[in-house]
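Please read the structure below before turning to the comments.
The values are calculated or read from the model by the stated rules, or taken from the named source; none is laboratory data. Note that the structure is a prediction, hence the values are computed from the model and not measured. Glycine also receives a Cβ, built like all others from the backbone with ideal geometry; neighbour counts cover every protein chain displayed. Accessible surface areas use protein heavy atoms only, side chains included; no ligands, DNA or RNA. Shrake-Rupley method; radii C 1.70, N 1.55, O 1.52, S 1.80 Å.
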2 protein chains.
Amino acid sequence: MRFSGCFIPTSKETPAEAQIVSHRLMLRAGMITQTASGIYSWLPLGVRALGKVADIVRQEQNEIGANEVLMSIVQPSELWKESGREQSYGEELLRFKDRRQRTLLYSPTNEEQITDIFRKYIRSYRDLPKNFYQIQWKFRDEIRPRFGVMRGREFLMKDGYSFDLNVEQAKKTYKNIFTAYLKTFKRMGLTPIPVQADSGSIGGDMSHEFHILASTGESLLYYDKKISEFDFSSPDVFKKFSKVYAASEDKHDPDNCPVHKSDLEQSRGIEVGHIFYFGTKYTKSMNATVSDANGNQIYPEMGSYGIGVSRLLGAIIEANHDDKGIIWPKEITPYQIGLINLSVDNEVCTALSDNVYQGLVKQNIEVLYDDRNERAGEKMADMDLIGVPYQIIIGQNSIANKTIEIKNRRTGEVSKVEQHDIINVDFGKINEAELYKK
Amino acid sequence: MRFSGCFIPTSKETPAEAQIVSHRLMLRAGMITQTASGIYSWLPLGVRALGKVADIVRQEQNEIGANEVLMSIVQPSELWKESGREQSYGEELLRFKDRRQRTLLYSPTNEEQITDIFRKYIRSYRDLPKNFYQIQWKFRDEIRPRFGVMRGREFLMKDGYSFDLNVEQAKKTYKNIFTAYLKTFKRMGLTPIPVQADSGSIGGDMSHEFHILASTGESLLYYDKKISEFDFSSPDVFKKFSKVYAASEDKHDPDNCPVHKSDLEQSRGIEVGHIFYFGTKYTKSMNATVSDANGNQIYPEMGSYGIGVSRLLGAIIEANHDDKGIIWPKEITPYQIGLINLSVDNEVCTALSDNVYQGLVKQNIEVLYDDRNERAGEKMADMDLIGVPYQIIIGQNSIANKTIEIKNRRTGEVSKVEQHDIINVDFGKINEAELYKK
C-alpha cells in the first residue's frame, strides 16, 4: 500500500487525554480515534492489526473444534431476567427501549443468549460436547472508561461457551481451552501467565485469568520462574501450570508463599483473557436440558471463555514499544515491511523504490510504501512510530553505493543488501522469510 | 469439517413465521436463528457464508483503493444534531442514554461520523481524494421487520464514504464505485441491474440502486435486454449503463418508455446496493473544510455507498434455490464439497469416506463431511437443503462398483469417478478445479 493513498494520520503531539503509552501511541500512529468517552473508531492501520489478532484467535478456536457463531449485538432483556442478571449486573449493562417499548440491551457478554440458542436446538446427550465462540462487539458502561482500548466501553471480544454432559468432561474442555489460550497468546509473540481468579458476576467455581507481561501493566503478579520455561504446545501444559505458583497481588501472601524467594518472579501484567467453569448456573436458571443415555433430563455443565481482542492491541503495544513508537511482533504487524523513499524528487530513487515495492507486492508481502513528498526525517520518524518490524530505506546513498539499507525496528541494526544493477534488486535477499530468519 | 462436530441444526419443518423462501431456507438449513423481532444470530453455516460475501466485498473495495475503517457501533447523538438528521431520521433511529445521561445511538448509517473523522484529520487539498469503507453492524428500528435477514433491524452492511475536491472528481469516484459494485455482485454469481433512484433521507442529486434478479424479488424492474450482455469488467461500463434504460415499477411509464417493446425485459429484483452522490450536504452542515491550492477553505464533495452484506445472503438464496433447498454459487458456498457417507456402520465405507475426506482437506478444499449415524435419506435431504454445489456420495454401491458418485446440486446430474483400488482415490479427478470445469 502506498502511504499517499492510505489514511494514516500520524501526529507528533502527545495527546493530553492519554495516560498510558499504548493509548498515546495508538492515537499518535493514527490507529484509532475517539468517538465518545470509552468509545473508539478504528482507522486503517488499527483495522489491519485488529484483523491479525482476530485471525490468530479464530484459527486457534477452530483448531480445537469450536463452532463460530455471530450472536446479535442487541438482545432482549427477558433473557437476563431468566438468569437473574438483569438486576445483578448493575449499571454497566446498557439497556434501552425500542420503538415498541420492548427493553433491549447491548450485549456485554452472552451466556444467556447462547444458552437460549442451545435449549432451542439441542435435545440429546449425543449432541454433546458443544463448544461455541464468536468475535463480536460488546458494550460495558464503565463509570470511568480510561486507558484507550484497554478499558473502553465498546470493545471487540472473543467470547466462547461450552456445554458438556458432566463435570469430568467439562473440566476436560476447560483444560483444552486453557491450552489453546496459551498457544494463542504465544503466537502473538507474548508471554502469558495464567493465574487463578475469582469468577465475579459470571459465577462459578473454577477460573483463570491470563496476563501478559508488560512493565506498564495494571496488576502486579508473583509467579514461579519455571512458568516462562514451559513448552506451551505440550498437551499436559495445564497439568504443569496447575502445579506451579502464580498469583496476582491481591491474592499473594508473601508469608505463606510455597515458592522460595529465589525462584519467585515479580512482574507487572495486563489481563487479556479470562476463563470460567460455572457448572449449571445458566442451564438450570434457563431450563436448558438434554436427555442422557437413560432418557433422563439433565442440565449440561457450562463454561465461558473470553479474550479481549481490541484490548490485546493495547496490551501488545504496552509490551512492545520504545521511545520512538510501537515495535510490532511480526504476527500482528499491520504491514510486514515499511519501504521509505527518502528522495521522492529524485527520479532514480523513485524508480528504484517503485521497483522494490512492486517486487515485494508480487511476493505477497504486505508493504507500507512511504512515497509521500515529506522531509526524510519526518518519514523515518513516522515509520518508527508506526512500528513495522523491518524498514527498507532507499535514498541517494543507495544509488551511489549500490546498496539498499534494511533496518530492524527493534534493534535499530542496519544491514545492507548489495545490488549489482541499480534497478534489478535481488528480492531473494529482502523477502520476508530471509529477514525474519535473522 | 465433520458434520458430527458442527452445529448445523437443520429442520424438515417449514417455520410458520417465514413468508419468503430465503427466510424459510436459512432457518431450515440452520444458518440463522431469531433473537428478537428483526434481530438474528448467525449460526456456523451462516457465519461461513456471510464471511465469503464480506471477503468479496472487501477485496473489491481494496481494489479501488478504499481505506477500511471500523467506526464504533454506538455514536453520540450530537453529531446528528449538527447534520439535522437527529430530527429528520425519525423513529428508525435507535436512541438511548448511557449511565451519565448522555444520548447515544446505534448507528444506522455513518455519514456524520465519517465527516467528523475527516474534519479532525484532513486539512489540505493534497490529501484528497479520500475513500473510506467499513463492514460493520447497523440498526434501523423498522416498524415491521420481516423477510428474515432481508429486512431485519440489526444487519451487517458495507458502507463507504468518499471525499473529493470538486464535482468533477466526485463524479469520477462515483463511477468507479458504480463499476466496482457491478464487479462485486457479478463475482457472487449474480446478475446486477442498476437503476436510477431517489436519494431519500441521505439527500443529494445522483443515486443508483443495484438490484439482483430473482423471481421472488420485492420490486418489478423494466430494462433494456442489452444490459445482461455487458462486460462488467470493462472500464466504460458506467457510460454504457447510463445510456441504457432500466427503471423500477414506480418510475417506469410504458407510454413513454424509450425502449421498443421487443427489447424490453421485465423481471423482479431485490435491492442489494445503493449509492449516492450528495455534494456538500454534510461537509457544510458539519463545517468540514480543506484548504485548496490557493489557500481558500472549501467544502469537499461527498458520496456514500452501501451494500447490504447480510441482506445479500437472503438475496442470493432467493436467486438460487429449488424445492429441495439452497443451491449456493461456488463463490459464496459455506463449503465447496459435501461428502456423504451413507453407511457409517460399514467399515469399508467409512474407511473410504475418511480417506476421501483427508485427501480433500489436504488439497485445502472446504469439505462438509456428513459422518453422522443417520438414515441415508435424511443425510441426502440435509445436504440438498444446505446446498453445497457438489456432493460426493459414498455407499455400499461405491464399494461394489469401485466408483464414487459426484452429484451436481444444481443440475442433479450424477457423474461417476472410477477407482481401481477401493481406498486409493484419484483426487485429481475430484478436486475443485476439475469439478467446476464441468
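Here are some notes:
- Delta accessible area of at least 50 Å² on complex formation, residues of the range B:133-164, 1.4 Å probe, chain isolated as reference: B:137, B:143
- Under 22 Å from the Cα of residue A:52 - lysines, other chains or at least 8 residues apart: A:138, A:158, A:183, A:186, A:330, A:362, A:437, B:52, B:158
- Amide H within-cut-off set for residue A:30, under 5 Å, with H built and near neighbours excluded: A:11
- Charge-dipole axis of the range B:167-319 as Lys and Arg at +1 and Asp and Glu at -1 on Cβ define it, positive-most pick from B:254, B:167, B:208: B:167
- Rounded to the nearest 20 debye, dipole of the range B:3-322 from Cβ charges on Lys, Arg, Asp, Glu: 780 debye
- Taking Cα centre as origin and charging only the Cβ of basic (Lys, Arg, +1) and acidic (Asp, Glu, -1) residues, the dipole magnitude of the protein assembly as shown rounds to 440 debye.
- Rg/Rh ratio calculated on Cα atoms of the range A:97-203 (Kirkwood radius): 1.01
- Overall Cα dimensions of the range B:14-135, principal axis frame, Å, largest first: 57, 41, 25
- Here's the picture: charge each Lys and Arg Cβ at +1 and each Asp and Glu Cβ at -1 in the range A:100-251, and of A:109, A:129, A:157 the one pushed furthest to the positive end of that dipole is A:129.
- Across chain B, C-alpha contacts under 8 Å between residues 6 or more apart give a mean separation that, scaled by the residue count, equals a relative contact order of 16 percent.
- Rounded if a/c under 1.5, otherwise prolate or oblate - the range A:201-345, Cα gyration tensor axes: oblate
- Dimensionless Rg ratio for the protein assembly as shown, taking C-alpha atoms and the 2.2 N^0.38 Å reference: 0.98
- Contact order normalised by residue count of the range A:233-389, Cα under 8 Å, 6+ apart, percent: 19 percent
- In the range B:164-253, the GluC sites (Glu not before Pro) that fall in loop regions by DSSP, at most 14 other Cβ within 10 Å: B:249
- Chain B packed on chain A takes about 4700 Å² of accessible surface away from a 1.4 Å probe, both sides summed.
- Using a Förster distance of 51 Å, the FRET efficiency for residue A:408-residue A:102 (Cβ separation, nearest 0.05): 0.35
- When only alpha carbons are used to place a centre, the range B:102-176 and the range A:320-341 end up 30 Å from one another.
- Between residue B:92 and residue B:146, the contour length at 0.36 nm per residue exceeds the alpha carbon distance by 18.0 nm.
- Taking a ≥ b ≥ c as the square roots of the eigenvalues of the alpha-carbon gyration tensor, the range A:7-322 is classed oblate because a/c is 1.5 or more while a/b is no larger than b/c.
- 10 Å Cβ neighbours from other chains, averaged over peptide B:27-37: 3
- Residue by residue along A:39-47, Cβ atoms of other protein chains within 10 Å of the local Cβ number 6 on average.
- Residue A:260-residue B:196 pseudo-label distance in nm [points 7 Å out on the Cα-to-Cβ vector]: 8.8 nm
- Charge-dipole axis of the protein assembly as shown as Lys and Arg at +1 and Asp and Glu at -1 on Cβ define it, positive-most pick from A:393, A:417, B:280: B:280
- Trypsin sites (Lys or Arg not before Pro) restricted to DSSP loop in the range B:357-397 with at most 13 other C-beta within 10 Å: B:375
- When chain A is treated as a Gaussian network with alpha carbon springs shorter than 10 Å, the biggest mean-square fluctuation among A:176, A:364, A:294 belongs to A:294.
- Heavy-atom accessible surface of the range B:109-243: percent carbon and sulfur, 1.4 Å: 47 percent
- For residue B:378, label point 7 Å along C-beta direction: distances to other copies, nm: 6.9
- Cα-projected label distance for residue B:322 with residue B:378, points at 7 Å along beta-carbon direction, nm: 2.4 nm
- Full extension of the segment from residue B:121 to residue B:330, taken as 0.36 nm per residue of separation minus the current Cα-Cα distance, would add 71.1 nm.
- Helical content alone sets the calculated 222 nm signal of chain B at -9000 deg cm²/dmol, taking -39,500 (n - 2.57) per DSSP H segment of four or more residues and averaging over every residue.
- Relative contact order, whole percent, for the range A:55-188 stands at 29, derived from Cα pairs under 8 Å and 6 or more residues apart.
- Shielding of peptide B:280-288 by partners, expressed as the average count of other chain Cβ atoms within 10 Å per residue Cβ, is 0.
- In nm, spacing of pseudo-spin labels at residue B:397 and residue A:416 (7 Å Cα→C-beta vector): 7.3 nm
- For the range B:222-270, a simple Cβ point-charge model (Lys and Arg +1, Asp and Glu -1, everything else neutral) yields a dipole of about 120 debye relative to the Cα centre.
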